[in-house]
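Beneath this line is the structure, given in structure tokens, with notes to follow.
The values are calculated or read from the model by the stated rules, or taken from the named source; none is laboratory data. Just so we're clear, the structure is a prediction, and the values are computed from it rather than from any experiment. Heads up, the Cβs are rebuilt from the backbone with ideal geometry, glycines too, and the neighbour counts pull from every protein chain shown.
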């Protein structure tokens with residue numbers, strides 16, 4: 001049972017002496033399915049230090065010996081222009097932990113040459129190889145047949161035919177890995193020309209030897225356009241460019257940057273001669289595909305599909321979320337009665353810990369469902385088509401077509417939306433999407449909109465204008481987000497963007513096991529990595545609202561809030577919110593809702609000393625009756641249409657969600673959580689002030 | 001995007017230093033059937049003849065299999081003409097027009 005416990009906590013530390021096998025290959029070659037097949041449930045997911053790439057590793061048991069399998073992100077080549085792409089090279093060279101004993105390179109049978117190109121690059125780094133040719137059945141159905149024995153003897157490494165889907169060939173691969181660990185075999189590559197040797201020697205001379213770059217790494221620096229491996233040396237840009245230009249003068253045969261590609265492909269063309277026989281011409285794209293990728297019809301289908309998905313997420317998750325909330329309410333009652341004699345502990349357990357744990361768990365149903373639909377879209381190959389259709393809409397501001405799904409799911413809740421950004425390979429587009437996703441009008445904003453519109457817009461202007469206002473506030477987030485993305489992309493984020501080049505994988509039926517496994521891993525990951533922070537934040541906020549204990553009337557919640565640290569802070573910074581038209585009560589409400597924006601409704605209820613907290617009509621009346629107690633506007637109502645609109649704009653743009661901040665910090669780093677918080681709060685304040693002043697000016 | 005130099009400017013992303021355009025790239029003859037991949041239209045097909053290697057995209061395209069001699073066929077555009085979908089001997093690829101403008105193609109009828 002020991003192992004199972006570790007498996008749940010995800011800390012099943014592999015044996016220190018365990019050999020490491022690296023799984024690498026082109027995207028869409030069934031790598032993940034193969035990884036799941038090899039390691040079963042003995043997996044753990046982490047992050048590579050300092051970058052946003054998830055580090056997946058698992059344990060493979062080979063006749064009683066445990067081997068660590070590392071699943072590298074899908075890649076077409078080892079050329080790395082960003083730290084995120086460099087990770088494959090670093091793992092293969094042993095710069096990130098132990099040097100791998102063996103690399104298993106997966107490739108699609110139908111596109112053997114492309115897969116082998118990557119294999120050549122790995123072999124050039126000096127790592128022993130096993131080639132796993134996947135989707136044999138698919139290629140054979142297309143009329144192709146293969147002589148893998150011939151390929152194996154020509155390249156000098158074992159070639160295993162697998163079908164990760166059915167599990168065919170996996171045992172064979174396991175045996176080959178075991179044999180490969182005992183007796184590693186290197187792929188035969190033609191030796192590099194004298195020109196390459198001269199250029200490498202030149203670079204090795206020029207680069208100080210204390211950086212310990214190996215010859216094969218120096219070749220990568222030489223061949224790649226702007227290799228991130230050069231970061232190890234840390235020269236300024238101009239010096240790098242000058243050094244490379246001088247080294248590349250040795251490569252006179254063709255363009256220096258095409259040298260590697262030309263050499264490998266020349267080798268592969270001869271190695272593949274006679275290996276593949278193709279009886280039939282390639283098939284035309286099916287009618288369904290033509291419909292799904294049609295510029296107009298395809299978009300409509302996609303819109304309908306996404307609508308259904310979110311309808312499903314919303315309607316399927318709501319009962320589960322209600323049940324979780326109900327369960328925690330029930331627990332709070334039990335513990336509340338039990339801890340009656342200790343009011344501080346009662347409050348800590350009920351309002352702090354249970355509310356916090358409930359606040360974490362309540363997201364789980366949505367995250368499970370979102371991961372389910374996203375895995376379906378990815379595994380069927382539809383995600384790539386959707387990205388193709390949506391790219392133009394997002395491309396202009398540095399995002400790409402894949403940003404669409406995370407942004408749309410942020411309309412339900414930003415937390416699953418942030419997790420959905422993992423489908424974006426381009427680190428820059430992913431970061432941008434994470435930065436703007438919290439601006440989408442999530443469902444927690446709805447109670448605020450409904451309260452304000454119901455109290456101040458609907459009674460005066462009628463239901464049509466009220467509905468339009470509600471719609472406008474849902475659009476506002478996106479309308480602000482895209483220009484923000486453009487500005488951040490243009491002037492702030494200095495990460496090079498990946499070119500948007502996507503392969504359209506053939507339509508495939510997803511493997512249910514893989515889909516469910518990914519759903520489970522996503523949920524587990526959320527609990528492990530974000531849960532703790534969300535819990536800690538809820539307890540801190542609870543403490544800020546409960547201390548110091550008010551001495552006068554302990555039972556009056558409004559007095560307690562007013563005299564708590566947060567209440568005192570609200571009173572102190574009220575002048576900051578005066579230009580937006582807020583009095584101190586509203587300011588406390590705004591501050592108290594920083595951990596979760598929907599809290600404003602209940603906080604306002606408590607502050608306005610109402611009995612039933614969420615009794616909206618009476619809260620609306622209380623708010624309408626509220627007058628300025630002092631100051632220049634003394635005696636005038638606090639709430640006007642201008643105040644209501646300014647409050648709604650503030651809530652539309654503000655980062656009032658501790659959970660989102662926690663997930664942002666876990667996904668891309670603490671720095672970006674701070675950036676998101678600062679820019680959104682600043683934007684919200686400016687928006688609120690502009691709205692209040694603008695509307696007031698227009699009205700008088 | 002008939003001018004390769006403009007395509008090149010478009011691609012200078014992320015503050016990369018531009019390599020100077022090389023003579024052989026500019027001089028790629030536009031005679032006969034030669035065109036940029038981005039200019040390929042409905043129902044047309046061709047063979048890759050060369051890439052503008054000094055641009056970072058071209059290495060990625062080569063890794064995807066767009067090497068000289070690779071046959072390809074235009075499939076369709078997304079709405080507003082961008083990105084484009086191309087069928088090649090190594091699968092169906094979707095790429096933006098400015099990325100496609102680093103590939104010279106010999107049209108086939």
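Within the group A:304, A:297, which residue is closer than 30 Å to residue A:412 by Cα, within 13 Å of chain B (Cβ to nearest Cβ) and surrounded by fewer than 20 Cβ atoms within 10 Å (Cβ to Cβ)? Before you say what the answer is, go through the steps one by one.
Values: A:304 fails: within 13 Å of chain B (Cβ to nearest Cβ).
Going through A:304, A:297 in turn, the sole match is A:297.
Here is a yes/no grid of residues against (1) at positive phi; (2) under 12 Å from the mean Cα position of the chain (by Cα); (3) touching a residue at least 60 places away in the same chain (Cβ under 8 Å):
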| position | (1), (2), (3) |
| --- | --- |
| A:331 | no, no, no |
| A:345 | no, no, no |
| A:349 | no, no, no |
| A:356 | no, no, yes |
| A:362 | no, no, no |
| A:366 | no, no, no |
| A:380 | no, no, yes |
| A:407 | no, yes, yes |
| A:418 | no, yes, yes |
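Does the stretch A:503-511 contain at least one residue that is modelled with pLDDT of 85 or more and over 20 Å from residue A:402 (Cα atoms)? Yes, that holds for at least one residue.
Tell me, which helices (runs of 4 or more DSSP H) wholly within the stretch A:135-217 include 3 or more residues that are under 24 Å from residue A:508 (Cα atoms)? Spell out how you get there, then give the answer.
Details: elements: A:136-141, A:148-155, A:170-182, A:194-206.
Fully inside the stretch A:135-217 and qualifying: A:136-141, A:170-182.
Considering (1) surrounded by fewer than 24 Cβ atoms within 10 Å (Cβ to Cβ); (2) at pLDDT 90 or above, the lone condition that residue A:142 does not fulfil carries the number (2). Taking the stretch A:489-510 as the range and being surrounded by fewer than 19 Cβ atoms within 10 Å (Cβ to Cβ) and assigned to a helix (DSSP H, G or I) as the test, the residues that pass are A:490, A:491, A:492.
Return yes or no: is residue B:69 facing another protein chain (nearest Cβ under 7 Å), closer than 21 Å to residue A:269 by Cβ and modelled with pLDDT of 85 or more? No: the conditions fail for residue B:69.
Pick from the stretch B:79-93 the residues that are within 7 Å of another protein chain (Cβ to nearest Cβ) and in contact (Cβ under 8 Å) with a residue 12 or more places away in the chain: which of them is surrounded by the most Cβ atoms within 10 Å (Cβ to Cβ)?
Of the stretch B:79-93, the ones within 7 Å of another protein chain (Cβ to nearest Cβ) are B:79-80, B:82-83, B:85, B:90-93.
If we keep only those that are in contact (Cβ under 8 Å) with a residue 12 or more places away in the chain as well, we get B:82-83, B:90-93.
Numbers: B:82: 17, B:83: 27, B:90: 23, B:91: 20, B:92: 22, B:93: 22.
Ranking the qualifying residues of the stretch B:79-93, first place goes to B:83.
Kindly indicate the residue of the stretch A:607-627 that is modelled with pLDDT under 75 and assigned to a loop (DSSP other than H, G, I, E, B) and also surrounded by the fewest Cβ atoms within 10 Å (Cβ to Cβ) among those meeting that condition.
A:611
Identification of helices (runs of 4 or more DSSP H) wholly contained in the stretch A:351-452 with 1 or more residues that are under 30 Å from residue A:293 (Cβ atoms), touching a helix residue (DSSP H, G or I) at 6+ places or on another chain (Cβ under 6 Å) and more than 14 Å from every other protein chain (Cβ to nearest Cβ) yields A:364-380, A:404-410, A:414-420, A:427-436.
Please determine, by comparing only the residues of the stretch A:90-118 that are in a loop (DSSP other than H, G, I, E, B) and modelled with pLDDT of 90 or more, which one is surrounded by the fewest Cβ atoms within 10 Å (Cβ to Cβ).
Taking the stretch A:90-118 and keeping what is in a loop (DSSP other than H, G, I, E, B), we get A:93-101.
Within this subset, residues satisfying the condition of being modelled with pLDDT of 90 or more are A:100-101.
Details: A:100: 25, A:101: 19.
Looking at the filtered set, the residue picked out is A:101.
Residues in the stretch A:313-343 that are touching a helix residue (DSSP H, G or I) at 6+ places or on another chain (Cβ under 8 Å) and not in a helix (DSSP H, G or I): 2 in all.
Go through the stretch A:249-261 and give me each residue that's facing another protein chain (nearest Cβ under 10 Å) and farther than 16 Å from residue B:56 by Cα. Give the derivation first.
Initial filter on the stretch A:249-261 (facing another protein chain (nearest Cβ under 10 Å)): A:254-261.
Within the stretch A:249-261, A:254 is the sole residue that qualifies.
The set of residues in the stretch A:218-243 being more than 10 Å from every other protein chain (Cβ to nearest Cβ), outside any loop (DSSP other than H, G, I, E, B) and touching a residue at least 24 places away in the same chain (Cβ under 8 Å) consists of A:219, A:220, A:222, A:228, A:229, A:231, A:243. Can you spot a residue in the stretch A:54-72 that is buried (at least 23 other Cβ atoms within 10 Å of the Cβ), within 23 Å of residue A:501 (Cβ to Cβ), under 22 Å from the mean Cα position of the chain (by Cα) and touching a residue at least 60 places away in the same chain (Cβ under 8 Å)? No, because not a single residue in the stretch A:54-72 is buried (at least 23 other Cβ atoms within 10 Å of the Cβ), within 23 Å of residue A:501 (Cβ to Cβ), under 22 Å from the mean Cα position of the chain (by Cα) and touching a residue at least 60 places away in the same chain (Cβ under 8 Å).
State whether one or more residues within the stretch A:476-495 are more than 21 Å from the chain's Cα centre (by Cα) and closer than 30 Å to residue A:288 by Cα. Taking every residue of the stretch A:476-495 in turn, none turns out to be more than 21 Å from the chain's Cα centre (by Cα) and closer than 30 Å to residue A:288 by Cα. Taking the options A:272, A:348, A:342, A:268, name whichever one is more than 30 Å from residue A:114 (Cβ to Cβ) and either within 14 Å of another protein chain (Cβ to nearest Cβ) or surrounded by 12 or more Cβ atoms within 10 Å (Cβ to Cβ) (or both). After applying the criteria, what remains is A:348. Picking from residues in the stretch B:42-63 that are touching a strand residue (DSSP E or B) at 6+ places or on another chain (Cβ under 9 Å) and surrounded by fewer than 22 Cβ atoms within 10 Å (Cβ to Cβ), the one that is nearest to residue A:75 (Cα to Cα) is B:60.
Which ranges mark the helices (runs of 4 or more DSSP H) fully within the stretch A:516-599 that have 1 or more residues being modelled with pLDDT of 80 or more, out of contact with any strand residue (DSSP E or B) (no Cβ under 7 Å at 6 or more places or on another chain) and crowded, with 20+ Cβ neighbours inside 10 Å?
In the stretch A:516-599, A:565-572, A:574-577, A:584-592 are the helices (runs of 4 or more DSSP H) which contain 1 or more residues that are modelled with pLDDT of 80 or more, out of contact with any strand residue (DSSP E or B) (no Cβ under 7 Å at 6 or more places or on another chain) and crowded, with 20+ Cβ neighbours inside 10 Å.
Restricting to the stretch A:628-652, and then to whatever is surrounded by fewer than 13 Cβ atoms within 10 Å (Cβ to Cβ) and over 16 Å from residue A:574 (Cβ atoms), can you tell me which residue is modelled with the lowest pLDDT? Steps first, answer last, please.
Applying the first criterion (surrounded by fewer than 13 Cβ atoms within 10 Å (Cβ to Cβ)) to the stretch A:628-652 yields A:629-632, A:634-636.
So of that shortlist, the ones also over 16 Å from residue A:574 (Cβ atoms) come out as A:635-636.
Details: A:635: 76, A:636: 80.
Ranking the candidates gives A:635 first.
Just one of the listed residues (A:300, A:313, A:276) is closer than 30 Å to residue A:382 by Cβ, touching a residue at least 40 places away in the same chain (Cβ under 8 Å) and under 33 Å from the mean Cα position of the chain (by Cα), and it is A:313.
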